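Asks: I have a structure here, written as structure tokens, and I will follow up with some questions on it.
The values are calculated or read from the model by the stated rules, or taken from the named source; none is laboratory data. Every value quoted in this text rests on a predicted model; they were computed, and no experiment measured them. All Cβ positions, glycine included, derive from the backbone under ideal geometry; neighbour counts span all protein chains shown.
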Amino acid sequence: MTIARTGPGHICARYLTRARWLARDTLSRRPAGAAAEFLDAHAAELSLSPYCGEQILGAALGEAARAIAAGARPLARPPAVFVDFDAPLIAERRAIRRRAFDSAPDHWRSARDEARAFCRRSNFRADPLARDLIMSRGSLRLQECLWDHPRISAPPAARLSMFFLLLSLDENANALRASAGRLRKQSGRASIRRLLDAARQIIPADAATLAEISQLRRARSKSVRRDASAPPEDGARARTTA
């Protein structure tokens with residue numbers, strides 16, 4: 001199976017791998033209660049980020065904190081948002097968009113500035129692989145799915161920043177695609193560095209986590225299809241015929 005190195009699923013897998021490592025590392029250094037508090041505080045900080053990857057990392061760390069506080073193993077399964085990030089959830093998303101745009105008169109300038117600042121910071125990252133991941137089409141797709149998703153804890157002002165960053169990622173992705181097209185015409189083949197970057201990008205932990213998320217997403221899709229094709233219950237059938 002070919003794994004898209006910057007697809008939405010791969011981005012989710014990278015951040016879930018990171019969250020699991022952070023949870024284990026924090027537990028190894030602190031008592032359970034202090035570890036839960038530390039992870040919960042980190043999750044609250046990430047909930048203010050304009051970037052989808054940091055938002056899902058925050059969602060995972062918040063769930064890990066709750067599991068530790070309850071005496072359970074943290075992140076034994078991927079959090080729901082890693083599986084249903086593209087679920088329609090029409091009513092919930094509409095309500096979240098309304099709250100975000102209602103806050104726009106007071107926050108739109110700061111939200112726009114935060115999105116622009118994030119793009120500037122990303123362009124100057126020392127790690128070109130991390131920079132490419134943030135500016136990829138996969139990030140654009142995940143950002144589109146998550147900015148109004150009910151399973152992240154972002155407040156309305158942060159969601160507004162996510163919306164502005166969505167526009168910036170779209171512009172960057174289009175520019176990168178045009179630049180890549182020009183390079184292909186000039187060189188006719190992929191650069192050696194790009195091939196090496198692609199080989200390094202998928203570490204075994206990421207690949208295993210991606211397979212775990214993909215399996216749960218397939219199971220969810222089958223369940224949705226079964227529900228859609230199931231005959232209505234007697235009460236619903238009676239109301240329909242009436």
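Asks: Please state which of the following conditions residue 159 fails to meet, knowing it meets all the rest: (1) in contact with an Asp or Glu (Cβ under 8 Å, 6 or more places away or on another chain); (2) closer than 18 Å to residue 120 by Cβ; (3) not acidic (Asp, Glu).
Replies: Of everything listed in (1) in contact with an Asp or Glu (Cβ under 8 Å, 6 or more places away or on another chain); (2) closer than 18 Å to residue 120 by Cβ; (3) not acidic (Asp, Glu), residue 159 misses just condition (2).
Asks: Could you tell me which of the residues 69, 65 is over 23 Å from residue 117 (Cβ atoms) and in contact with a Leu (Cβ under 6 Å, 6 or more places away or on another chain)?
Replies: 65
Asks: Look through 6, 26 and report the one residue that is hydroxyl-bearing (Ser, Thr, Tyr) and modelled with pLDDT under 95.
Replies: Exactly one residue qualifies, and that residue is 6.
Asks: I've got another one for you. Do we find that residue 37 is at pLDDT 95 or above, surrounded by fewer than 21 Cβ atoms within 10 Å (Cβ to Cβ) and in a helix (DSSP H, G or I) in this structure?
Replies: For residue 37, the condition - at pLDDT 95 or above, surrounded by fewer than 21 Cβ atoms within 10 Å (Cβ to Cβ) and in a helix (DSSP H, G or I) - is met.
Asks: Also: If only one of 109, 97, 131 is assigned to a helix (DSSP H, G or I) and touching a residue at least 12 places away in the same chain (Cβ under 8 Å), which one is it?
Replies: Result of the check over 109, 97, 131: 97.
Asks: Among the candidates 89, 142, which residue alone is within 20 Å of residue 9 (Cα to Cα) and in contact with a His (Cβ under 8 Å, 6 or more places away or on another chain)?
Replies: 89
Asks: Of the residues 16, 57, 27, 75, which is more than 19 Å from residue 145 (Cβ to Cβ), assigned to a helix (DSSP H, G or I) and either touching a helix residue (DSSP H, G or I) at 6+ places or on another chain (Cβ under 8 Å) or basic (Lys, Arg) (or both)?
Replies: None of the other options fit; the residue is 27.
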